[in-house]
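Undergrad: Following this message is one structure expressed as C-alpha cells.
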Amino acid sequence: MSEDQKIFEVLQQSADPDAATAIERLIHEAPDHELNRVNTLAFAAKHGLGEESTIAAFLHAARLGLFEMSWNVLCPGCGGVMNAGTSLKSLRQEEYSCALCAAGYEPTLDEMVEVTFTVSPRVRRIAAHEPDTLPMHEYLRQIFWSSGVDLPGNFEQLLEEIVIDAVELPAGERVILSLQLPAEFVIVFDPVTHAAQFIDVKGEPTRERQNLSFILSEAHRENSTMEMRPGPLRLLLENHTKRRTLPAIWIASDTLHNLMEHRRPFLTAKRLLTNQTFRDLYRTETLDIDQRLKITSLTFLFTDLKGSTELYERVGDLVAYDLVSEHFRVLNDIVASEAGAIVKTIGDAVMATFPTPDHAVSAALRMREAMRDLNEQRGHEDLLLKIGIHEGPCLAVVLNERQDYFGQTVNIASRVQNLADSRSIYATGTVVENPEAQEIIETQGIRPTLQKTTLRGINNEFSVYEIP
C-alpha cells in the first residue's frame with residue numbers, strides 16, 4: 001500500500017466518509033484548475049454533501065498533508081485577491097488597496113478573507129504550483145480572482161471581448177505596443193503586480209500618435225486617471241520586477257462589470273474560526289499574540305449550570321463530575337452541528353461562537369431540550385442550564401495562548417446570560433429580530449418576552465428578550 005493510500009484511509013476514519021471519498025476522487029481525477037484554491041462550499045454543493053462535514057474533511061485533509069490552506073484577503077469590489085498567506089498571521093496591514101477598483105479597505109474576517117485549499121505538490125503537481133507559467137486567462141481565473149467569483153464557462157471568450165491587447169512580459173524586459181484607443185474608459189492593468197492606469201478616452205478622434213509609459217514594479221503604484229483621445233497609442237511597458245507580468249489593456253465595459261458581479265458563497269475566515277474542527281486541529285496556530293483582527297458580526301452564546309455547587313454537595317464529587325462531563329459533551333456536539341465552536345469553558349460555563357444568530361438560537365433550544373432529556377433519564381432536575389446570546393462586532397485575538405475574542409459584544413453576551421434563570425434563554429434584540437432566528441422561534445411556537453433592563457458595566461438601558 002502506497003503512503004498516499006494510507007493517508008486516504010486515515011482521512012476516511014477521521015472525516016465524513018462521503019466527503020473523504022469525494023476528496024480522494026478530486027485528487028485523482030479532477031483537472032488541474034479544480035485542485036487550486038478549492039471553494040469548499042461550492043465543492044459541497046456540487047457533490048451533494050453537507051457544508052460542515054465538507055469543511056471538516058478538508059481541514060483533516062490539510063492536516064494530513066493532502067492540501068495546503070490559503071488565507072486570501074479579497075477586494076469587496078472586484079473580488080480580486082489582494083494578499084494571500086498560509087495563515088491569518090500574514091494579515092499585518094491596516095489597509096489593503098485594490099488598484100483595479102482604486103479603493104482601500106480595512107480588512108475584516110467576515111467577507112474580506114476567504115480560506116481555500118490547494119492540493120499539495122507532494123501529492124499531485126498542478127500548473128498553479130508554478131503560477132508564472134499560466135496563460136493570462138488561467139492566471140486570472142486561478143490566482144487573481146477569488147473562489148467567490150463565479151466565472152462562466154466561456155470566460156476565455158469573454159476576456160477576448162474585454163482585452164484590446166496583452167503581452168507576457170518577462171522579468172527585466174520592456175516592450176512597445178501600438179494600438180488604437182476606442183472611445184471608451186480603458187484600464188492598463190497587470191494582475192501580477194496589481195498595477196493599474198485608468199484612461200478616460202473621449203473627445204474628437206485624433207490621428208496623432210499618443211504616448212504612455214507604464215512601469216511595473218514590486219511597489220504598488222498610485223492609481224490615477226488620465227484623459228486621452230480616440231486614436232493611435234504607443235504604449236511602453238517596462239517590467240522592473242523579478243517575475244513575469246501580464247499587462248493588458250482592458251475595456252471597462254458592462255461585460256467586465258458583469259463578469260465580476262457573478263458571485264458565489266465561499267468559506268470566510270470568520271466561519272472557519274467558529275468551526276469546532278478547525279479549533280480542535282489548529283488550536284495554537286491561528287494568530288500571533290499581538291494581532292487584533294476585526295469581525296463585524298459574530299454571535300456569542302454563554303451557558304452556565306445553575307446550582308452546580310449544590311449538585312456536588314448533594315450527589316458527591318464523582319457522580320457530579322460525570323454529570324457535568326456529560327453535559328459538556330452534549331453541548332459540544334450541539335455547537336459543532338450548528339456550525340459553531342466552543343471557545344472555552346470556565347468552571348461549569350461554556351463560551352461558544354456562531355457565524356449567525358439563527359445557528360445560536362437553534363443550538364440554545366436544542367441544548368435546553370437535551371438537558372431536559374438528561375434530567376428525565378435520571379429522574380431528577382440535576383442539570384439546569386442558563387443561556388445568554390448576543391450578536392455584534394468583536395476582535396479576534398490570542399488570550400492565554402489560545403484564539404479568543406475581545407470586545408463589548410462578548411461582555412454583553414456574558415451579562416445577558418447572568419440574567420437567565422434555570423432553563424431560561426435570554427437574547428438581545430439583534431439576535432431575536434434576525435429574520436432566520438425569528439423563523440426558528442416561530443416554528444417552535446415560542447413567543448419571546450421583551451424586557452428593559454440594565455447590564456453591569458453598560459450605561460444605557462438594554463432590551464433583552466426571554467425565550468421561554
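Any read-out appearing in this document is the output of simple, stated calculations on the displayed coordinates, not a laboratory observation. None of these values were measured; they are calculated from a predicted model. Methodologically, a virtual Cβ is constructed for each residue, glycine included, from the backbone with ideal geometry; neighbour enumeration extends over all protein chains shown.
Undergrad: Take LEU419, LEU256, LEU318 and order them by how many other Cβ atoms sit within 10 Å, fewest up front.
TA: The most exposed by this proxy come first: LEU318, LEU419, LEU256.
Undergrad: Shifting gears a bit: Defining a contact as two alpha carbons under 8 Å apart and six or more residues distant in sequence, what relative contact order in percent does the range 3-146 show?
TA: 26 percent
Undergrad: Between HIS47 and ASN418, what length in nm is gained on full extension when 0.36 nm per residue of separation is reduced by their alpha carbon distance?
TA: Between HIS47 and ASN418, full extension yields an extra 129.2 nm.
Undergrad: Still on this model: Using unit Cβ charges (K, R positive; D, E negative) and no other charged atoms, how large, in debye to the nearest 20, is the dipole of the chain about its Cα centre?
TA: I would put it at about 680 debye.
Undergrad: While we're here: Percent antiparallel among DSSP beta bridges with both residues in the range 95-244, to the nearest 5?
TA: 60 percent
Undergrad: Okay, next question. Going by a ≥ b ≥ c, the root eigenvalues of the Cα gyration tensor, does the range 158-261 fall in the rounded group (a/c under 1.5), the prolate group (a/b larger than b/c) or the oblate group?
TA: Because a/c hits 1.5 or more and a/b fails to exceed b/c, the range 158-261 counts as oblate.
Undergrad: Here is a further query. Compute the angle between helix 408-419 and the longest alpha-carbon principal axis of the chain, please, reported from 0 to 90 degrees and rounded to the nearest 10.
TA: So the helix axis and the longest Cα principal axis differ by about 20 degrees.
Undergrad: A further question on this structure: Positive end of the charge dipole of the chain (Lys, Arg +1 and Asp, Glu -1 on Cβ, about the Cα centre): tell me which of ASN223, ALA166, SER146 has its Cα farthest that way.
TA: ASN223
Undergrad: Using only Cα atoms and rounding to the nearest 10 degrees, what angle (0 to 90) does helix 17-29 make with the longest principal axis of the chain?
TA: In the chain, helix 17-29 runs at an angle near 20 degrees to the longest axis.
Undergrad: Applying the Karplus parametrisation 6.51 cos²θ - 1.76 cosθ + 1.60 with θ = phi - 60° to the phi angles of the range 143-159, what ³J(HN,Hα) value in whole Hz is obtained for each residue in order, glycine and proline being reported as x?
TA: For the range 143-159, the Karplus-derived couplings read 10, 6, 8, 6, 6, x, 8, 8, 6, x, x, 9, 4, 5, 5, 5, 5 Hz, x marking Gly and Pro.
Undergrad: Which FRET efficiency value, to the nearest 0.05, do you get for GLU466 and ARG243 by plugging their Cβ-Cβ distance into 1/(1 + (r/R0)^6) with R0 = 60 Å?
TA: Working from the Cβ atoms, E equals 0.50.
Undergrad: What do you get when you divide the Cα radius of gyration of the chain by 2.2 N^0.38 Å, with N the number of residues?
TA: Ratio of Cα Rg to 2.2 N^0.38 Å: 1.18.
Undergrad: As I understand it, the value is the acute angle between the Cα axis of helix 317-337 and the longest principal axis of the Cα atoms of the chain; what does it come to in degrees, rounded to 10?
TA: Helix 317-337 sits roughly 30 degrees off the main axis of the chain.
Undergrad: Right, here's the next one. Can you pull the one-decimal nm distance between simple spin-label points at ARG263 and GLU204, each 7 Å off the Cα toward Cβ?
TA: 4.5 nm
Undergrad: Listing THR108, THR116, THR274 from the residue with the fewest other Cβ atoms within 10 Å to the one with the most, what is the order?
TA: THR108, THR116, THR274
Undergrad: Defining a contact as two alpha carbons under 8 Å apart and six or more residues distant in sequence, what relative contact order in percent does the chain show?
TA: 12 percent
Undergrad: Let me ask something additional. Just from the alpha-carbon atoms, what are the Rg and Dmax of the range 1-132 in angstroms?
TA: 16.0, 54
Undergrad: Quote the FRET efficiency, to the nearest 0.05, computed for GLU184 versus ALA84 with a Förster distance R0 of 30 Å and r equal to the Cβ-Cβ distance.
TA: 0.40
Undergrad: Rounded to the nearest 0.05, what FRET efficiency do THR296 and ASP254 give with R0 = 30 Å and r taken as the Cβ-Cβ distance? Could you check?
TA: 0.45
Undergrad: Another question, if that's okay. Which pairs break 30 Å Cα to Cα here: LYS6/LYS242; LYS6/LYS294; LYS89/LYS344; LYS270/LYS386; LYS46/LYS386; LYS46/LYS344?
TA: From LYS6/LYS242; LYS6/LYS294; LYS89/LYS344; LYS270/LYS386; LYS46/LYS386; LYS46/LYS344, over 30 Å: LYS6/LYS242; LYS6/LYS294; LYS46/LYS386; LYS46/LYS344.
Undergrad: Give me ARG243, ARG423 sorted ascending by neighbouring Cβ count inside 10 Å, so fewest comes first.
TA: Listing ARG243, ARG423 from fewest to most nearby Cβ atoms yields ARG243, ARG423.
Undergrad: Using only the Cα atoms of the range 283-467, build the gyration tensor, take square roots of its eigenvalues as a ≥ b ≥ c, and label the shape rounded, prolate or oblate: rounded if a/c is under 1.5, else prolate if a/b is larger than b/c, else oblate.
TA: Because a/c hits 1.5 or more and a/b fails to exceed b/c, the range 283-467 counts as oblate.
Undergrad: Once you have the Cα-Cα distance between ASP288 and ILE176, take 0.36 nm times their residue separation minus that, and quote the gain in nm to one decimal.
TA: 35.7 nm
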